[in-house]
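Nothing in this text is a laboratory measurement; each read-out follows from the coordinates by a stated rule. Quick caveat, the model's predicted, so the values are computed rather than measured. Cβ coordinates were reconstructed from backbone atoms using ideal geometry, including for glycine residues, and neighbour counts include every protein chain displayed.
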Amino acid sequence: MKAIIIYCSKTGNTQKVADSIQQGLKGSADMVKLDLTPDGIVKDFSPSFTLDLAPYDLIFMGGWTMVMKVHPYMAAYIQRCGNLEGKAVVGFLTGGAIFSRGHVRDDFTELIESRGAQVFDFTFITTLLGATLTKRKLRSAEEFAANVMDRFEPHTQAES
């Protein structure tokens, strides 16, 4: 089973969550940070940039929430991402307002399903009370990833 974590982070919060997810996967996942400037603009944006996801069984995608939706760059990346069809995708989004959770989950699910992939699971980590995440929230992200892996491995074995 091969996993990858793809994320973008403006303030560092989503990067911390991605690092915690990597720990929950016991360091076994590849990790790709989509590079952004401090203003949230993609450095050297290339709409044709895609990563070949064919070798991956489980794909974690994360970013921050913007107006209760997936950040536009991550949304554009998902819409153009190669070999996403038929894949299991796990979303991890960060944002300041807890009430964004349902809206961004629905937006993420619609983006993923429009590409012929399936949302295996989703988590939303709030960052409202300060610029940094608490250790409890990061531990929760790590446990979330470990739980996803535990549930996904039997899923892939059943398909073999």
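Using a cut-off of 13 Å between beta-carbons, work out the net charge of the residues near Ala146 (Lys and Arg +1, Asp and Glu -1, Ala146 not included). My count for the surroundings of Ala146 gives -2.
Approximating the spin labels as points 7 Å out from Cα along Cα→Cβ, the Arg136-to-Asp57 distance works out to 3.5 nm. Summarising the label geometry, the points placed 7 Å from Cα in the beta-carbon direction at Gln23 and Val67 lie 3.5 nm from one another.
Evaluating 6.51 cos²θ - 1.76 cosθ + 1.60 at θ = phi - 60° for every residue in segment 97-109, the Karplus couplings come out as 10, 4, 6, 6, 3, x, 5, 6, 4, 5, 5, 4, 4 Hz, glycine and proline recorded as x. Were the residues from Gln79 through Asn147 laid out at 0.36 nm apart, the gain over their Cα-Cα distance would be 21.7 nm.
Other residues lying with their Cβ under 12 Å from the Cβ of Gly116 contribute a combined charge of 0, Lys and Arg counting +1, Asp and Glu -1. In terms of other Cβ atoms within 10 Å, Arg136, Arg115 run from fewest to most in the order Arg136, Arg115.
Taking Lys and Arg as +1 and Asp and Glu as -1, the other residues whose beta-carbon sits under 15 Å from that of Lys137 total +2.
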